[in-house]
Number of protein chains: 2
Amino acid sequence: MVNRINHIAIVVEDLQAALGFWRDALGLPLHKTEENPGEDVNIAFLPLGESEIELLQPMSAESGIGKYLAKKGQGMHHVCVEVDDIEATIARLREHGIELINDTPKVREEGTRYAFVHPKSAHGVLVELYELPK
Amino acid sequence: MVNRINHIAIVVEDLQAALGFWRDALGLPLHKTEENPGEDVNIAFLPLGESEIELLQPMSAESGIGKYLAKKGQGMHHVCVEVDDIEATIARLREHGIELINDTPKVREEGTRYAFVHPKSAHGVLVELYELPK
């Protein structure tokens, strides 16, 4: 039902500086970087085994990630787990009294369906659910 | 050189309550729980693909994890990545000016060698390196 960690998202002040650690020093490959104007963030994707490290740099102080950075500082932002059936997972979570940020999955351009569990229901961790396109 | 995420460690106030989310609601298997008197912490290990979720509950307020919890609250504490050769990885990190908490790997009972990268060198993330016993 839950298959793997899809990615860990890390908020950083400066993508290039953070790549100096993750890519240059530690040696992870950089798959791609991407601007996400919707969330006002630049993202670097670094595959690591069956998962990925995603580095997020806010492009404005007013963005969600910008506000997070100002409040909490750099660090791990959320963990994303892949599930077979996101509707069934959400139903099961709700049966257990777990609160989601969005009860109805949203859909990314490439077809990935996603939802976020509220950190207060996951004991302080922001957990993203992914169902990849079949 | 860096093979996979070995685990994500999450600090929680109450292991049983946190298992209510990760095991009971989300459906991860619980591999085992373990008391670690050396670090004054109880740990639950939940396999997830090639990685694990590790839940850490401090057993005293004076322990390292207890102080972390008091200061930062519940949440993701560190990410551990598996490497083939921890000595070579440490040497490479030092060549890039990365500071480690311990430059010389420590060894767990079962033979795993480990070291921690200082979060200030990893842009806010506490990164653990593991070299598993051959």
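The values are calculated or read from the model by the stated rules, or taken from the named source; none is laboratory data. The model shown is predicted, which means the values in this text are computed figures rather than measured ones. A quick note on method: Cβ atoms are made from the backbone with ideal geometry, for glycine too, and the neighbour counts reach across all protein chains shown. Side chains are part of the model used for accessible areas, which takes the heavy atoms of the whole protein and leaves out ligands, DNA and RNA. Shrake-Rupley method; radii C 1.70, N 1.55, O 1.52, S 1.80 Å.
Ignoring any ligand, DNA or RNA, what whole percent of the accessible area of chain B comes from carbon and sulfur when the probe is 1.4 angstrom? On chain B, the fraction of accessible area on carbon and sulfur atoms equals 47 percent. In the range B:56-78, what residues drop by 10 Å² or more of accessible area when the other protein chains are put back, versus the chain on its own? Use 1.4 Å, and skip ligands and nucleic acids. Buried on complex formation: B:74, B:75, B:76. In this structure residue B:24 has an accessible area near 60 Å², from a 1.4 Å probe over the protein heavy atoms.
When the C-alpha to C-alpha distance is required to be over 24 Å, the pairs from A:67/A:134; A:120/B:71; A:120/B:67; A:67/B:120 that qualify are A:67/A:134. With respect to the axis relating copies B and A by rotation, the chain B residue whose beta carbon is closest, plus that distance in Å, is B:76, 2. How far is helix B:86-95 tilted, in degrees, relative to the longest principal axis of the Cα atoms in chain B, given as a value from 0 to 90 rounded to the nearest 10? With both axes taken from Cα atoms, the answer is about 60 degrees. Across the copies of the chain, residue B:107 has label points (7 Å from Cα along Cα→Cβ) spaced 5.6 nm apart, shortest distance listed first. Surface exposure of the range A:2-131, expressed per residue as accessible area with a 1.4 Å probe, stands at 44 Å².
Solvent-accessible area lost on pairing A with B (1.4 Å probe, both sides summed) amounts to about 3300 Å². Between the residues A:21, A:69, B:133, the greatest Cα displacement towards the positive end of the dipole of the protein assembly as shown, with unit charges on the Cβ of Lys, Arg, Asp and Glu, is found for A:69. For the range B:112-134, heavy-atom accessible area (probe 1.4 Å) falls by no less than 20 Å² from the chain alone to the full protein assembly at B:122, B:123, B:124, B:125, B:127. For residue A:72, a cut-off of 17 angstrom between C-alpha atoms picks up these aspartates and glutamates, skipping any fewer than 8 places away in its own chain: A:13, A:14, A:62.
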